[in-house]
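Notes to accompany the following structure.
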Amino acid sequence: MITDLFLRDRRGVSLTDAERRALERSVSEKRTLAPHTTLRRQGEFGAESALILEGFMSRYIDDHRGLRQLVAIHVPGEFVDLHSYPMHVLDHGIEALTGATIAIVTHDALDRLIDERPEIARKLWFATLIDAALHRAWLFRVGRLDAVGRVAHFISEMNARLEGVGLSDGRQFVLGFTQGDLAEACGLTTVHTNRVVRHLREAGLCAFRASLVEIYDRKELERRGDFDPYYLYLDKEMSAAKA
């Protein structure tokens, strides 16, 4: 099923087979987006939400000069805009960072799903609470860590999130977006990010080879980034972190 990755292996919550089939029936279409395609602009009314099947998507805010700040990055298996179900109008925009495939679920369909299966409302809420935990980690990363720590934390987080949906083996994964995007995610300049990436490689922690990230020393990378995977609520996080 195309909803197999949603809330996969999350600690404390899981969808039953019947709920997953019901969510599957709620999907109205699959849509393919080219890199840097805007799905929703800040302030636009929305009547649907998108579950990412492939690729990476971002939430962003543009200032009055048109300069962009990334405020979240989402991976396959995550709703990028489930918040718009109760809110309808978002305070940020949504864009495909890479080529992406999404499953569209209209808010009318979510209404019907929750009416038929009230327990699924708690599980959708759980998904948005994970988003909130990711936002707090984002604030911690850019507010408290130095440049090397920010990139180390971000790479460690992406590795854990992608491992949770079977897209990393814990040692390597495809990131798919540019070092410029990485710089924005970490609140750094591209030049500074290039220096940090070189430092991490020379320190034997990780390396970037085109779109592939290779992790040489996971424990030390996570230590350098002050990364604790607990906030991701992944069932396998503790065993994976010790591997």
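Counting only residues that are assigned to a loop (DSSP other than H, G, I, E, B) and either among the aromatic types (Phe, Trp, Tyr) or out of contact with any strand residue (DSSP E or B) (no Cβ under 8 Å at 6 or more places or on another chain) (or both), how many does the range 28-59 have? Spell out how you get there, then give the answer.
Filtering the range 28-59 down to residues assigned to a loop (DSSP other than H, G, I, E, B) leaves 34-37, 41-44, 46-47, 55-56.
Keeping just the survivors that are either among the aromatic types (Phe, Trp, Tyr) or out of contact with any strand residue (DSSP E or B) (no Cβ under 8 Å at 6 or more places or on another chain) (or both) gives 56.
Counting residues in the range 28-59 that are assigned to a loop (DSSP other than H, G, I, E, B) and either among the aromatic types (Phe, Trp, Tyr) or out of contact with any strand residue (DSSP E or B) (no Cβ under 8 Å at 6 or more places or on another chain) (or both) gives 1.
Within the range 146-158, one or more residues are free of Cβ contacts under 8 Å to residues at least 24 places away in the same chain and either part of a loop (DSSP other than H, G, I, E, B) or surrounded by 22 or more Cβ atoms within 10 Å (Cβ to Cβ) (or both). Just a yes or no: is a residue in the range 60-76 modelled with pLDDT of 95 or more, more than 19 Å from the chain's Cα centre (by Cα) and β-branched (Val, Ile, Thr)? No: zero hits. When the range 197-236 is filtered for residues that are in a loop (DSSP other than H, G, I, E, B) and surrounded by 22 or more Cβ atoms within 10 Å (Cβ to Cβ), the ones remaining, listed by number, are Leu205, Gly225, Phe227. Return a yes/no flag: does the range 8-27 have any residue that is of a type outside the set (S, T, N, Q), loosely packed, with under 15 Cβ neighbours inside 10 Å and assigned to a strand (DSSP E or B). There is no residue in the range 8-27 that is of a type outside the set (S, T, N, Q), loosely packed, with under 15 Cβ neighbours inside 10 Å and assigned to a strand (DSSP E or B). Taking residues in the range 100-119 that are assigned by TED's automatic domain parsing to the domain that holds Arg31, and partners anywhere that are surrounded by 19 or more Cβ atoms within 10 Å (Cβ to Cβ) and among the polar types (S, T, N, Q), the pairs with Cβ atoms closer than 6 Å and at least 6 places apart or on different chains are Val105/Ser26; Val105/Ser49; Ala109/Ser26; Leu113/Ser26.
Scanning the range 189-208 for residues that are within 19 Å of Arg223 (Cα to Cα) and over 23 Å from the mean Cα position of the chain (by Cα) yields a count of 6. Taking residues in the range 179-202 that are not assigned by TED's automatic domain parsing to the domain that holds Ile73, and partners anywhere that are of a type outside the set (Val, Ile, Thr) and in a loop (DSSP other than H, G, I, E, B), the pairs with Cβ atoms closer than 8 Å and at least 6 places apart or on different chains are Asp181/Leu97; Leu182/Leu175; Val196/Leu188.
Entry remark, the range 17-66: residues being in contact with a Pro (Cβ under 7 Å, 6 or more places away or on another chain) and either under 20 Å from Arg112 (Cβ atoms) or of a type in the set (A, V, I, L, M) (or both) number 2 in total.
Rundown of residues vs (1) aliphatic (A, V, I, L, M); (2) touching a Gly at 6+ places or on another chain (Cβ under 9 Å); (3) within 17 Å of Ser26 (Cβ to Cβ), yes/no style:
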{"residue": "Ala47", "(1), (2), (3)": "yes, no, yes"}
{"residue": "Ala50", "(1), (2), (3)": "yes, no, yes"}
{"residue": "Arg59", "(1), (2), (3)": "no, yes, no"}
{"residue": "Ala72", "(1), (2), (3)": "yes, no, no"}
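The values are calculated or read from the model by the stated rules, or taken from the named source; none is laboratory data. Keep in mind the model is a prediction, meaning the values are calculated, not measured. Quick reminder, even Gly has a Cβ in these numbers, built from the backbone with ideal geometry, and neighbours come from all protein chains shown.
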